[in-house]
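To start, the structure itself, in structure tokens.
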Amino acid sequence: MADFPILSLMLAVPLVAALICLFVEAKGARTIALAATLVDFALGVLLWANYDIGGAQWQFTERVELFAGFSYALGIDGIALMLIMLSVFLMPICIGASWKSVDNRVGEYMGSFLLMETLMIGVFTAQDLFLFYIFFEAGLIPMYLIIGIWGGAERIYASYKFFLYTLLGSVLMLIAMLWMVNEAGTTTIPVLMAYDFPPGAQTWLWLAFFASFAVKMPMWPVHTWLPDAHVQAPTAGSIILAGVLLKMGGYGFIRFSLPMFPEASLEFAWLIFVLAMVAVVYTSLVALVQHDMKKLIAYSSVAHMGIVTIGLFAFNVQGIEGSMLVMLSHGLVSGALFLSVGVIYDRLHTREIDRYGGLSINMPKYSLFFMLFTMASVGLPGTSGFVGEFLSLAGIYQVSTWVTLVAATGIILGAAYMLYLYRRVIFGEQKNEDAAKMPDLDLREWLMMGPIALAVLWMGVYPESFLAPMRADIAALDARVARVKPEGDSLLKLAEPAIEGEATESDDHGEEPAHGGAH
């Protein structure tokens with residue numbers, strides 16, 4: 001495997017399939033798209049199986065110098081591996097979700113999704129700064145087309161808003177990248193991650209990157225494009241937007257902002273905390289009053305991403321590990337929730353919560369899947385949502401008890417709006433005759449829901465399999481930012497150990513020893 005260009009192959013398979021899809025009829029396009037995404041998933045499994053945990057930090061590296069200052073350089077660490085796995089896992093499900101619901105310009109639709117897959121994998125594998133930028137920005141184009149051509153009634157407005165919001169911040173990031181390359185004399189990302197930029201320059205560079213990543217995350221108050229984009233996007237578009245595209249902002253913070261500009265990251269940590277705390281509470285309250293299912297799940301995404309950003313800027317291992325797990329879990333769970341909405345939307349063609357009710361009577365299997373995904377979104381122990389949120393909050397608790405308190409209210413509010421949604425859709429009386437006649441899941445829908453349900457439970461019961469590949473890379477990042485670690489307000493002040501035979505001060509006062517007296 002050492003010399004086999006598996007990453008290039010993973011980029012080439014969907015790209016070639018996308019081109020073929022443009023020239024074949026609808027049925028052929030669907031089949032080719034499904035085959036290509038399954039091949040990429042198989043390659044992803046092969047990649048994970050051959051990843052050497054505890055080995056070199058960068059593995060499967062490929063490098064071709066194209067011209068001065070730009071090279072085709074690929075390689076992954078454990079963090080990139082997990083995000084690639086998330087991407088290739090969700091893509092066949094997206095193709096399955098569009099199998100019956102999309103019937104106009106099917107070749108172009110499937111081609112757009114396959115191009116998107118190429119660009120997403122490219123973002124996580126690029127080791128050249130400008131190559132990363134090309135993949136990062138080009139990902140806008142297929143998503144813009146998917147929303148703008150196959151979206152809902154206000155698709156044009158939503159696609160323009162999505163495009164302009166995300167493009168604006170990226171122009172500043174490009175200017176910062178040009179300065180960095182000029183300063184450091186290299187475009188190689190691993191070298192830049194270890195380069196110490198002058199603290200004065202770090203402030204401006206950090207702000208330029210933040211302008212791009214904050215919109216992608218999306219952080220409050222630049223999140224307003226997301227509910228519109230989700231509501232107008234087709235089901236598969238929402239799955240991939242929530243599942244993978246939102247993670248690019250978090251990946252950017254991990255790959256660029258924290259290791260390249262550690263001093264500036266500490267300087268602006270308060271800004272991150274304030275914006276994320278507002279996002280967690282405000283968007284959760286907004287989600288509580290939504291009438292549209294997709295809008296509710298979209299606002300819940302903003303709240304979950306708030307917990308991710310708080311964890312990343314805790315500057316400790318638990319916070320960063322927690323953020324990565326929340327990103328992976330949210331990718332699965334929010335994708336599954338949008339899929340659940342898509343399943344009943346295909347039957348009744350409305351997303352209004354009030355039009356449904358009592359689905360547990362005529363759709364019991366669907367209700368069971370929906371319940372699992374609802375519980376995972378809430379963070380029930382045993383599901384993927386719990387582990388990441390617990391670790392994130394444990395990490396941030398070492399820095400600030402107040403931030404932890406506010407972030408924890410988001411989890412309580414999350415339970416409120418998700419359970420409220422579930423109760424209104426699945427239980428209650430069947431007011432709508434059309435909803436009462438809807439058939440339960442068919443085989444295609446089983447094949448889409450089942451794998452996500454298994455992944456959500458696997459991650460909740462045995463998170464170590466997801467943490468193990470990332471542990472060394474997160475430790476390396478922690479070591480890089482160790483010099484700027486903030487003073488926490490909640491760290492235990494441990495007493496000096498008492499010398500044998502001497503009574504400790506607490507024992508003199510007749511109190512229990514600190515270790516609970518277990519001898």
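The values are calculated or read from the model by the stated rules, or taken from the named source; none is laboratory data. Only a predicted model underlies this, so the values are computations on that prediction, with no experimental measurement involved. Glycine gets a Cβ as well: all are built from the backbone with ideal geometry, and neighbour counts include every protein chain shown. To get the accessible areas, we keep the full protein, side chains included, count just its heavy atoms, and leave off ligands, DNA and RNA. Shrake-Rupley method; radii C 1.70, N 1.55, O 1.52, S 1.80 Å.
Of everything listed in (1) small (Gly, Ala, Ser); (2) outside any helix (DSSP H, G or I); (3) out of contact with any Ser or Thr (no Cβ under 9 Å at 6 or more places or on another chain); (4) touching a residue at least 24 places away in the same chain (Cβ under 8 Å), the single unmet condition for ALA56 is (4). Within the range 151-166, is even one residue touching a Lys or Arg at 6+ places or on another chain (Cβ under 8 Å), at pLDDT 85 or above, part of a helix (DSSP H, G or I) and surrounded by 21 or more Cβ atoms within 10 Å (Cβ to Cβ)? No, that holds for no residue.
When the criteria are applied in full, PHE209 meets the requirement of being touching a helix residue (DSSP H, G or I) at 6+ places or on another chain (Cβ under 6 Å) and more than 19 Å from ILE141 (Cα to Cα). Give the residue that is nearest to the chain's Cα centre (by Cα), with candidates limited to residues of the range 363-389 that are in contact (Cβ under 8 Å) with a residue 60 or more places away in the chain, within 17 Å of SER340 (Cα to Cα) and open to solvent by 30 Å² or more (accessible area, probe 1.4 Å). Among those residues, the one meeting the criterion is LEU372. When the range 191-222 is filtered for residues that are within 24 Å of PHE273 (Cα to Cα), of a type outside the set (A, V, I, L, M, F, W, C), at pLDDT below 85 and open to solvent by 10 Å² or more (accessible area, probe 1.4 Å), the ones remaining, listed by number, are PRO199, GLY200, LYS216, PRO221. Scanning the range 284-303 for residues that are assigned to a helix (DSSP H, G or I), touching a residue at least 60 places away in the same chain (Cβ under 8 Å) and of a type outside the set (S, T, N, Q) turns up LEU285, ALA287, LEU288, MET293, LYS294, LYS295, LEU296, ILE297, ALA298, TYR299, VAL302, ALA303. Checking TRP99 against (1) aromatic (Phe, Trp, Tyr); (2) in a helix (DSSP H, G or I); (3) in contact (Cβ under 8 Å) with a residue 60 or more places away in the chain, which test does it fail? Status for TRP99: all satisfied but (2).
Looking at the range 408-519, the helices (runs of 4 or more DSSP H) lying wholly inside it that each contain 2 or more residues that are more than 30 Å from HIS349 (Cβ to Cβ) and at pLDDT 85 or above sit at 443-461, 464-481.
Counting only residues that are in a helix (DSSP H, G or I) and farther than 17 Å from MET324 by Cβ, the range 59-93 holds 4 of them.
No other residue among ILE20, ILE84, ILE79, ILE93 is free of Cβ contacts under 8 Å to residues at least 24 places away in the same chain, touching a helix residue (DSSP H, G or I) at 6+ places or on another chain (Cβ under 7 Å) and surrounded by 17 or more Cβ atoms within 10 Å (Cβ to Cβ) apart from ILE20. Take the conditions (1) touching a residue at least 40 places away in the same chain (Cβ under 8 Å); (2) open to solvent by 50 Å² or more (accessible area, probe 1.4 Å); (3) in a helix (DSSP H, G or I); ARG30 misses just one of them, which is (2). Considering the conditions (1) outside any helix (DSSP H, G or I); (2) surrounded by fewer than 21 Cβ atoms within 10 Å (Cβ to Cβ), VAL399 is excluded by exactly one of them, (2). Against the conditions (1) buried (at least 18 other Cβ atoms within 10 Å of the Cβ); (2) in a helix (DSSP H, G or I), LEU271 satisfies every one except (1).
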